[in-house]
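Here's the structure we're looking at; comments come further down.
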Ligand code: ADP
Ligand code: MG
């Protein structure tokens, strides 16, 4: 379990994760409205070299960006979809786990769960700006230790 004291720290925490990401990786972002999922997505994207302002993709389901070395970064927000079928009809799932890094808010709305993924759970702590962050890494055995090592400054008991 990890703890960040404010949104800047969550951004840095996310950048630390993002620097290890490769095309085909997916970050699943769980947490209530206002937890900090978009802040997290921006931190990951920045570490991948995305320079654009990242607005909320709420009305588009997915917004594509380009990072360093022309890497594709896909920012999904599935909050507004009605059901899985609507998402699969969109064809957007073809980008997940394939040609770019996918950062997905509200993945539970469409049961998205690729094999190679990082699950991030953000929980409001008692302290107003504090957030408890849980991370679980799947299918990245070669990078897992390195990723966790770069997060140790935010480790909590
Ligand atoms: P979500 O995408 O989960 O709905 P956002 O990332 O859009 O949430 O918004 C999170 C809000 O909470 C922002 O206004 C941000 O400044 C604020 N905030 C306060 N403390 C934190 C923190 N520790 N981590 C992330 N965001 C925080
Ligand atoms: Mg959001």
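All of the numbers you see were taken from the coordinates with simple rules; none came from a lab. Just so we're clear, the structure is a prediction, and the values are computed from it rather than from any experiment. As a convention, Cβ positions derive from the backbone with ideal geometry for all residues, glycine included, and neighbour counts pool all protein chains shown.
I'd like the orientation of helix 7-18 relative to the chain: the angle between its Cα long axis and the longest Cα principal axis, in ° from 0 to 90, rounded to 10.
Helix 7-18 sits roughly 70 degrees off the main axis of the chain.
Quick one: work out the % antiparallel among DSSP beta bridges in the chain, nearest 5.
Just about 55 percent of them are antiparallel.
Please give the direction-averaged projected area of the C-alpha convex hull for the stretch 80-137, in square nanometres with one decimal.
Mean shadow area of the hull around the Cα atoms is 5.1 nm².
Report the Stokes-Einstein translational diffusion coefficient (µm² s⁻¹, integer) for the stretch 1-124, Rh taken as the Kirkwood radius over Cα pairs, at 37 °C with viscosity 0.692 mPa s.
The calculation lands on 231 µm²/s.
To make sure I understand, if each residue's beta carbon is the centre and we count other beta carbons within 10 Å, what order do 94, 121, 99 fall in, fewest to most?
94, 99, 121
Can you give the three extents of the C-alpha atoms in the stretch 45-85 along their principal axes, from longest to shortest, in whole Å?
Projected onto the principal axes, the Cα atoms of the stretch 45-85 cover 35, 18, 13 Å.
How much length is gained if the chain between residue 121 and residue 51 is pulled fully straight, taking 0.36 nm per residue apart and subtracting their Cα-Cα distance, in nm to one decimal?
22.7 nm
Using a Debye calculation, one point per C-alpha and no hydration shell, please list log10 I(q)/I(0) for the stretch 10-54 at q = 0.18 Å⁻¹ in order.
-0.48
Highest mean first, what order results for 2-13, 128-139 on Cβ atoms within 10 Å?
So the order, starting with the most tightly packed, is 2-13, 128-139.
Can you figure out the FRET efficiency of residue 144 with residue 84, using R₀ = 30 Å and their beta-carbon distance, to the nearest 0.05?
Given R0 = 30 Å and the Cβ-Cβ separation, E is 0.55.
State, as an integer percentage, the relative contact order of the stretch 21-119 based on alpha-carbon contacts under 8 Å between residues 6 or more apart.
42 percent
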